[in-house]
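Colleague: A single structure is presented below for examination.
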Amino acid sequence: MNVNKPNPLHLSVTLVAAFSLVLLLATSNAQAAWWSPGGDDDSDQQRGYQAEFPINENYRFECGACHIAYPPQVLPKASWQNLFANLGDHFGEAAAPDQHQAEILNYLQNYASDSANAGKFKDFTKRLQSPAPVRITELNFWRLKHDKVLKKEARFITDNPDVGSASRCNACHEDAEQGLFQKHTVLIPNVEKREYK
């Protein structure tokens, strides 16, 4: 009687290939949750910072009425807490949201830079000061990432009529409100790219 026995080498190769495919799919899905599709280069510098977060209409309505609704990942939990503790004097304005205040704070803290949903934005907590600042522009990591711009702050920001303030992220990062901060998409109005690249 001639019975075909499985080839142990063929079985090992098949198992290794199946395991590799499962690992590749798991890695791809994890990356897809935090990075937008793009070029062939998967390095962090090419991907930049692409936040993913659910849209909270109450946050967008209440906070986005006066400035962009900053992606929750740009500040740590303590910063969001500090901001909400002083909404009566929110950078010189009274900015208390109505009945949605607790919901909005909960949303912001669930996606903050020190939350489980931060993704690469955990970098924003590197060398975090204490107490945590309430301005993104005061974060040590933000200042590190904008060092070239800050060296020419007057020309690039404060005296630039289309920027005016470093807090206007969307002046240079067109899709800031959607959480996209990729270096190659930065366009400082009224300044040639070669001056800050």
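Colleague: Let me check I've understood the local charge: for Ile157, count other residues with C-beta under 15 angstrom from its C-beta, Lys and Arg +1, Asp and Glu -1. What total comes out? Write down the numbers at each step before the final one.
Modeller: Values: positive: Arg135, Arg143, Lys145, Lys148, Lys151, Lys152, Arg155, Arg168; negative: Glu138, Asp147, Glu153, Asp159, Asp162, Glu195.
Net charge in that neighbourhood comes out at +2.
Colleague: Follow-up question, since we're still on this one. Note down the net charge around Glu57, summing +1 for each Lys or Arg and -1 for each Asp or Glu among other residues with Cβ under 15 Å from its Cβ. Don't skip to the answer; put the middle values down first.
Modeller: Working: positive: Arg60; negative: Glu62, Asp98, Glu103, Glu177.
Charge balance in the 15 Å sphere: -3.
Colleague: When the scattering of the stretch 63-102 is computed by the Debye formula from its Cα atoms alone, each counted once and equally, what is log10 I(q)/I(0) at q = 0.17, 0.21 Å⁻¹?
Modeller: One equal scatterer on each Cα of the stretch 63-102 leads to -0.46, -0.73.
Colleague: Using θ = phi - 60° and the Karplus curve 6.51 cos²θ - 1.76 cosθ + 1.60, what whole-Hz ³J(HN,Hα) does each residue of the stretch 155-170 get, with Gly and Pro shown as x?
Modeller: Ordered by residue, 3J(HN,Hα) equals 5, 7, 10, 5, 8, 8, x, 9, 10, x, 8, 5, 6, 8, 3, 6 Hz.
Colleague: Calculate the spin-label point distance for Ala85 paired with Ser130, positioning each point 7 Å from the Cα along the beta-carbon direction, and give it in nanometres.
Modeller: 1.4 nm
Colleague: Another one. How large is log10 I(q)/I(0) at q = 0.13, 0.15, 0.18 Å⁻¹ when the Debye formula is applied to the Cα atoms of the stretch 57-195, each weighted equally and without solvent?
Modeller: -0.58, -0.78, -1.11
Where a number appears in this text, it was derived from the coordinates with a stated rule and is not lab data. Just so we're clear, the structure is a prediction, and the values are computed from it rather than from any experiment. Methodologically, a virtual Cβ is constructed for each residue, glycine included, from the backbone with ideal geometry; neighbour enumeration extends over all protein chains shown.
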